[in-house]
């Protein structure tokens, strides 16, 4: 247990035979259950998971008598995507009534010694969901490649609108932890299974009034090739967020909390949409410079202003749902002498040793 809370870790892995065994082996001792999910790999990932599970379960079944094995190997018959693997782990953790569930990628990007940073805000009842944020501070985003920074900022803006969490950033970040209360509240079984699972989950969390905390983390890029292709990723996730935004408006402002914000959003969308259609018709029938096009575009502008006013109202109302955690950024080496650099971490490694791993630390 960690500070009187049971802790689970989901380890999603797809073709990570080189790293997944090490990830499982280095999960801190206070973690009660490790849900190692092979997402339909075509290499020896499943064999590595089973090998590590046999070794650990033979000697360490955790501290909670409810759990007969510490490592739970799970295999998907086919590849479902990282969101699908995490969803499977979340569902098992929810069934096991784990208090806090974190995610550690099977590629070794999340260092075991940093797990406490995402657990603490939940354990201290400051948040229901915690995520890393590479955009939190200028120093932590300085090394992010320009094309990634542009794509991240674009999806951050879309996600803020879709989710209603106006104070969060870097929604694609995979360093996360979630409370049992949040897993119980949201429809995890409906979670998006493509890379945009994290954006989709934020929308679901907001509908249930869950608090989301951002913790700063560093950007450490080597010469790795990202699995994400922004040319397809951004359009696909943006379309998903558009659908989710409409769903959120229906759930929050038609069914739960009818009011001025929902009315503003609805009128803004209808007015802007009607103006855009009318402008297109006028441009075709009367020419692009006709007075009808000008008047229709004024309608679009009026709709956008209504939408912006509704967003401002929502931003103010939801301000307490976005929590900023002030701490040393994840991935930043601890200065020598600070808090006793040579003091062992809870996973048995010296503080700062986890930062010596030369492998890339970002998705």
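Each value in this text was obtained by applying a stated rule to the coordinates, not by laboratory testing. What you see is a predicted model; the values in this text were computed from it and never measured. Reconstructed Cβ throughout: ideal geometry from the backbone, glycine too, with neighbour counts over all protein chains shown.
Give me 4, 22, 107, 319 ranked fewest to most by other Cβ atoms within 10 Å of their Cβ, as a rough exposure proxy.
Values: 4 7, 22 15, 107 22, 319 10.
By the 10 Å Cβ count, ascending, the order reads 4, 319, 22, 107.
Find, to one decimal place in angstroms, the Kirkwood hydrodynamic radius of the stretch 29-186, where the mean of 1/r is taken over every pair of different Cα atoms and then inverted.
Over the stretch 29-186, the inverse of the mean reciprocal pair distance is 17.4 Å.
May I ask you to compute the full-extension gain from residue 153 to residue 297, defined as 0.36 nm times their residue separation minus their alpha-carbon distance, rounded to one decimal in nm? Don't skip to the end; give the middle numbers.
On the way: separation 144, 0.36 × 144 = 51.84 nm, distance 2.75 nm.
Additional length available on full extension: 49.1 nm.
Any idea what Rg and Dmax come out to for the stretch 249-319 if you just take the C-alpha atoms, in Å?
14.9, 46
Suppose the chain between residue 277 and residue 58 were pulled fully straight at 0.36 nm per residue; how much longer would it get relative to their current alpha carbon spacing?
72.2 nm
Grab the beta carbon distance between residue 208 and residue 284, set R0 = 51 Å, and tell me the FRET efficiency rounded to 0.05.
Numbers: r = 45 Å, r/R0 = 0.88.
For residue 208 and residue 284, the calculated efficiency is 0.70.
Note down the nm distance, to one decimal, between modelled labels 7 Å out along Cα→Cβ at residue 313 and at residue 4.
About 4.2 nm, to one decimal.
Given 0.36 nm per residue, what is the gain on full extension from residue 22 to residue 42 after removing their alpha carbon distance, in nm?
5.3 nm
By counting other Cβ atoms within 10 Å of each Cβ, how are 271, 232, 59 ranked from fewest to most? Please list the in-between numbers first.
On the way: 271 19, 232 11, 59 7.
Fewest-to-most Cβ neighbours within 10 Å comes out as 59, 232, 271.
Please report the spacing between the Cα centers of the stretch 5-20 and the stretch 233-292 in Å, no decimals.
Each part reduced to its Cα centre gives a spacing of 41 Å.
Determine, for 256, 87, the number of other Cβ atoms within 10 Å of each Cβ, and report the residues in order from fewest to most.
By the 10 Å Cβ count, ascending: 256, 87.
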